[in-house]
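Here's the structure, in structure tokens; my notes come after.
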Amino acid sequence: MPLAPSCTAGTDDTLPLSADEPVAHTLLNCLLREICGPERQTAVAGTHLLLRLPRCGELLRITLRRASLTGAHRFSGPAGRWCDGSWHELGWEELAACAQRELELRTGVRNEEFRAQVASSHAGVTAALRHAAAPGRANGRDTGPHARYLRSEQSLLFGHRFHPTPKSRTGSAADWARYAPEAGARFPLRHLAVRADRVREEAASPAALPALDRQGDVPDGYRLLPAHPWQYAMLRAHPALRDAVRRGDVLDLGERGDAFAPTASVRTLYDGRNFLKFSLNTRITNCVRRNADYELRGAVALTHHLEPVATALAARFPGCDLLREPGYRTVDVGDRELAEGLGVIVREGLDARLRPGVTPLLAAAVADEHPSSDARFGELLRGADPVAALGWWDAYLSLLVPPVLAAYFDHGVVLEPHLQNVVLGVDALGMPAQVLFRDLEGTKLLPGPHGAFLDGLPQDVARPLVYGRERGWDRVVYCLLVNHLAEMAAAVADRHPALEGELWRAVRGVLRERSAEHGEPAELRALLAGAPLPAKANLLTRWGRAADREAGYVRIPSPVGPGAADGTVADGPAASRTRAAPRAAFPRPRSTS
């Protein structure tokens with residue numbers, strides 16, 4: 001018995017009043033994908049999804065607002081827990097405690113941080129909702145040519161739907177209110193003048209470092225090093241920095257110059273001309289966001305090496321391009337921690353690659369479940385009929401999919417096109433016109449085609465740039481299909497629930513075309529045969545306190561195999577059949593008490 005394409009209403013056009021339900025829904029998404037689905041502990045009862053945590057014995061439920069072939073379901077209302085013969089409402093804190101008990105029993109590992117991180121994420125969402133409701137916030141603070149783009153970058157109030165603690169972060173509430181993108185932050189940079197012989201920098205193009213120099217004047221014999229003001233406040237007591245200031249190797253010129261806006265990543269700032277990617281000694285979700293030394297050097301080396309590839313892809317697939325990271329600068333006073341803490345990477349601004357008349361929008365904002373900005377899909381094609389929605393989808397697929405697959409199969413390059421790494425350009429009618437890939441930190445190379453280049457780099461720089469073929473393919477498929485297209489398809493299906501199968505048939509059609517173009521490679525043959533898809537295990541990674549780069553994958557049913565888009569996928573996290581767990585094992589639901 002397949003899930004109905006829609007259980008209740010497909011869309012939700014109001015922001016939640018509190019963080020409680022979004023936090024609970026995100027935890028349920030993670031449990032469904034990584035625990036209950038793979039272990040066949042899910043079922044559908046009417047308009048509810050049931051999830052059993054098999055080790056701790058808890059039975060949970062949530063109302064399905066709209067079911068999805070890929071498990072990118074839409075939930076509504078609070079979670080429920082079966083207890084003493086009836087259903088009882090389950091708050092987000094109790095749900096986190098249930099998840100903790102199940103994970104402890106599953107892994108044999110304790111994680112005393114987990115519930116505190118869920119609470120931190122809840123506080124982050126609460127603060128984001130408060131800022132979103134502030135007078136005048138909805139209209140934005142920018143009137144420049146990229147005002148709509150900045151609104152999209154700063155609209156992600158809830159974070160990753162399949163991460164257990166998407167808004168978990170260290171730092172004070174006051175600092176986040178000043179520097180967070182969802183707070184609509186704008187602020188000038190802290191300017192440091194560094195004696196020329198104490199500067200370390202590299203550039204892949206003549207225009208890279210002038211993006212830093214143009215920020216302001218410095219005394220003769222010095223170079224300008226802009227710093228994130230929050231990072232500078234955290235580093236100003238560092239012994240190496242204090243010594244450098246005392247010697248006159250570094251001059252603190254204060255906060256000055258034009259205001260920058262934080263983008264979705266928090267530490268990458270934009271002034272309308274260039275992106276500057278700073279270190280930030282703040283833990284956001286899993287990691288402290290610091291530009292490691294190998295990342296500073298690797299960004300420039302990769303930009304130089306990939307120039308022929310980026311140029312070839314842009315020529316072959318008009319409408320796609322890569323934002324280069326052509327330079328970095330930092331202070332060199334013999335202290336690596338300080339060099340990494342004050343290192344800044346220059347990324348090209350949008351105008352370097354954006355076509356005239358195209359409006360850029362962060363893809364993650366277009367796919368957002370909630371009405372957080374005017375970039376949302378429903379705003380782009382407001383009132384459009386299903387035919388127009390399918391036309392939009394076809395245009396989007398033709399821009400996004402071919403260059404990602406060509407980069408892998410023809411150039412040995414693993415792009416990382418997850419939702420936060422893609423900027424979508426739309427025309428005056430809201431139709432897809434361009435895609436820009438950004439953030440070279442996630443771009444990797446297959447060793448075979450790039451062996452000579454990698455051999456010429458220091459080992460500490462080369463090693464993080466490499467993925468083996470299997471790992472690289474998992475990353476491509478996860479980012480492209482699971483993280484990106486599944487969420488974008490969900491956004492389209494929110495407006496037109498009956499279209500979900502058509503959306504995935506269109507994806508299958510594009511994959512078949514690309515498979516023929518690339519000589520029917522084994523990886524695409526398996527994908528088209530319905531091989532399960534890799535989904536990043538964010539919950540298990542967080543529980544194990546592993547770095548993102550060490551994250552594993554769980555396998556979820558594919559919607560692009562033969563017949564899959566008709567609702568005949570195998571049992572699993574998508575919960576596409578009620579046979580995913582024995583029906584008799586689930587009590588008959590009653591009304592919530």
Would you please name the residue that is most open to solvent (accessible area, probe 1.4 Å), looking only at residues in region 360-380 that are in a loop (DSSP other than H, G, I, E, B) and of a type in the set (Asp, Glu)? Asp374
Does Ala301 count as more than 30 Å from Val125 (Cα to Cα) and in contact with a helix residue (DSSP H, G or I) (Cβ under 9 Å, 6 or more places away or on another chain)? yes
Looking at region 428-461 only, could you name the residues that are free of Cβ contacts under 8 Å to residues at least 60 places away in the same chain and among the small types (Gly, Ala, Ser)? Gly430, Gly442, Gly448, Gly451, Ala452, Gly456
Among residues belonging to region 111-146 that are basic (Lys, Arg) and modelled with pLDDT under 95, point out the one that is farthest from Arg545 (Cα to Cα). Arg141
Residues of region 81-132 satisfying the condition of being touching a His at 6+ places or on another chain (Cβ under 8 Å), open to solvent by less than 50 Å² (accessible area, probe 1.4 Å) and without any contact (Cβ under 8 Å) to a residue 40 or more places away in the chain: none
One residue from Glu325, Glu337, Glu255, Glu295 being more than 22 Å from Pro206 (Cβ to Cβ), among the acidic types (Asp, Glu) and under 22 Å from the mean Cα position of the chain (by Cα): Glu295
Residues of region 231-278 satisfying the condition of being open to solvent by less than 60 Å² (accessible area, probe 1.4 Å), assigned to a loop (DSSP other than H, G, I, E, B) and not hydroxyl-bearing (Ser, Thr, Tyr): His238, Gly248, Asp249, Ala264, Val266, Arg267, Asp271, Gly272, Asn274
Taking region 497-527 and keeping residues surrounded by 18 or more Cβ atoms within 10 Å (Cβ to Cβ), farther than 30 Å from Ala384 by Cα and touching a residue at least 24 places away in the same chain (Cβ under 8 Å) leaves Glu523, Leu524, Leu527
Return a yes/no flag: does region 260-269 have any residue that is of a type outside the set (S, T, N, Q) and farther than 27 Å from Ala363 by Cβ. no
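Residue-wise test of (1) farther than 15 Å from Gly257 by Cβ; (2) open to solvent by 10 Å² or more (accessible area, probe 1.4 Å).
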{"site": "Arg178", "(1), (2)": "yes, yes"}
{"site": "Pro188", "(1), (2)": "no, yes"}
{"site": "Val194", "(1), (2)": "yes, no"}
{"site": "Asp197", "(1), (2)": "yes, yes"}
{"site": "Ala203", "(1), (2)": "yes, yes"}
{"site": "Gly216", "(1), (2)": "no, yes"}
Could you look through region 294-332, keep only residues that are open to solvent by 20 Å² or more (accessible area, probe 1.4 Å) and of a type in the set (D, E, K, R), and pick out the one that is farthest from Pro417 (Cα to Cα)? Asp332
Looking at region 404-445, which of its residues are over 25 Å from Leu390 (Cβ atoms), part of a helix (DSSP H, G or I) and open to solvent by less than 30 Å² (accessible area, probe 1.4 Å)? Ala407, Tyr408, Asn421, Leu440, Gly442
Exactly one of Pro181, Pro226 is in contact with a helix residue (DSSP H, G or I) (Cβ under 8 Å, 6 or more places away or on another chain), closer than 30 Å to Lys536 by Cβ, modelled with pLDDT of 95 or more and of a type outside the set (S, T, N, Q), and that one is Pro181
So, in region 200-229, of the ones that are out of contact with any Asp or Glu (no Cβ under 6 Å at 6 or more places or on another chain) and in a helix (DSSP H, G or I), which residue ends up farthest from Trp176 (Cα to Cα)? Pro210
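The values are calculated or read from the model by the stated rules, or taken from the named source; none is laboratory data. Since the model is a prediction, treat every value here as computed from it, not as a measurement. We place every Cβ from the backbone using ideal geometry, glycine too, and count neighbours over all the protein chains shown. These accessible areas exclude ligands, DNA and RNA; they are computed on the full protein's heavy atoms, side chains included. Shrake-Rupley method; radii C 1.70, N 1.55, O 1.52, S 1.80 Å.
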